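Each value in this text was obtained by applying a stated rule to the coordinates, not by laboratory testing. In this text the structure is predicted, and so the values were computed from the model without any measurement. Cβ: placed from backbone, ideal geometry, glycine included. Neighbour counts: every protein chain shown.
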Amino acid sequence: MNLREHDESSEMKVWLSAEETDRYLAAAENNEQQIAFGLGLRCGLRSKEWLDVTPRDVVDTDAGTMLRVWDGKGDKFRETPCPEVLATRIRIAGEDAPDDPVLSVSTTRTLRRWVGAAGERLAEETGDAGWRELSTHDLRRTWATALADAEVDPLLALDWGGWEDLETFLQHYKGAYSPAAKRRAREKVNWL
C-alpha cells in the first residue's frame, strides 16, 4: 500500500497493490458490495457512476467485454474494460430488471460508508491503519495506477477513465509506483 498526503486536505491518497486489491474485494460483505468495489477497482468508475450501472451497460465488443458509462463526468459517454467475473456478477444481479441500476443504493454517502467499513475491517484484521484511509476515489486511483503498471498506453487509459488530458491523469492518479514496478526498475540496474 502506498500512502501520500493529499495536497488540498488532511486526507491521504492511497494506492493498493494487486494483492491488496484482491484482499479488499474479498472484504466486501456481500455480492452488491463486491460489484460496487469492482466498479472502482476493476473498471475505474467514479463513485457517482457506480450508482447508474445496469446489466445492459455490460456489452461484448470486438475489444472484449466493456462497461458503458452513459453519463460520466460532464455528461460524457465512454466505454471501459470490464473483467468477465465482474460482468457476470452484474448480469446475474440484475437479470430480473436489466434496465435498472444493479446497486440498490442511491447515494454516494452509502458507498463511502461501505468503502470505509471494509477498510476498517481490514485495518483490524491486519493491524495496518492505512486501510482506514481508503476512499471511493482511491479505488479509481488504484485502477489507474494498475493500468500504468501494466504499461497500458496512457492515451488509452485516458479514454477508458474519461480524463480530458494527460496532465490531470498524471497529477491526480498516476502518483505512486507499485512494488512490482519498483522491483522491475531495480532489476534494470545491476548495482542495486
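Results, tabulated for the structure shown:
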| quantity | calculated |
| --- | --- |
| Cα lying deepest toward the dipole's positive end in the chain, options THR145, PRO98, ILE35, charges on Cβ | THR145 |
| Using θ = phi - 60° and Karplus 6.51 cos²θ - 1.76 cosθ + 1.60, couplings along region 109-115 (whole Hz; Gly, Pro as x) | 4, 5, 4, 4, 5, 4, 4 |
| Over region 74-164 - Rg/Rh using Cα atoms and the Kirkwood inverse-distance radius | 1.01 |
| Compactness of the chain, expressed as Rg and Dmax over alpha-carbon positions, Å | 16.7, 60 |
| Sequence-distant residues sharing a close amide H with SER17 (under 5 Å, placed H) | ASN2 |
| For region 14-107: rounded, prolate or oblate by the Cα gyration tensor [a/c cutoff 1.5] | rounded |
| Note, ³J(HN,Hα) from phi for region 143-160, Karplus 6.51, -1.76, 1.60, rounded to Hz, x at Gly and Pro | 4, 4, 5, 5, 4, 5, 4, 7, 6, 5, 3, x, 5, 5, 4, 4, 5, 5 |
| Phi to ³J(HN,Hα) by Karplus 6.51 cos²θ - 1.76 cosθ + 1.60 over region 37-46, Hz, x for Gly, Pro | 5, x, 4, x, 7, 10, 10, x, 6, 6 |
| Only Lys, Arg (+1) and Asp, Glu (-1) charged, at Cβ; region 91-192 dipole about Cα centre in debye | 540 debye |
| Residue exposure sequence - THR108, THR142, THR80 - by fewest surrounding Cβ within 10 Å | THR108, THR80, THR142 |
| Size of charge dipole - region 2-187 - debye, nearest 20, with Cβ of Lys, Arg +1 and Asp, Glu -1, no other charges | 340 debye |
| Neighbour-count order for ASP62, ASP159, ASP149, fewest beta carbons within 10 angstrom listed first | ASP62, ASP159, ASP149 |
| Positive-end extreme of charge dipole, region 1-112 - chosen from HIS6, LEU67, LEU51 (charges on Cβ) | HIS6 |
| Residue exposure sequence - LYS188, LYS182, LYS13 - by fewest surrounding Cβ within 10 Å | LYS188, LYS182, LYS13 |
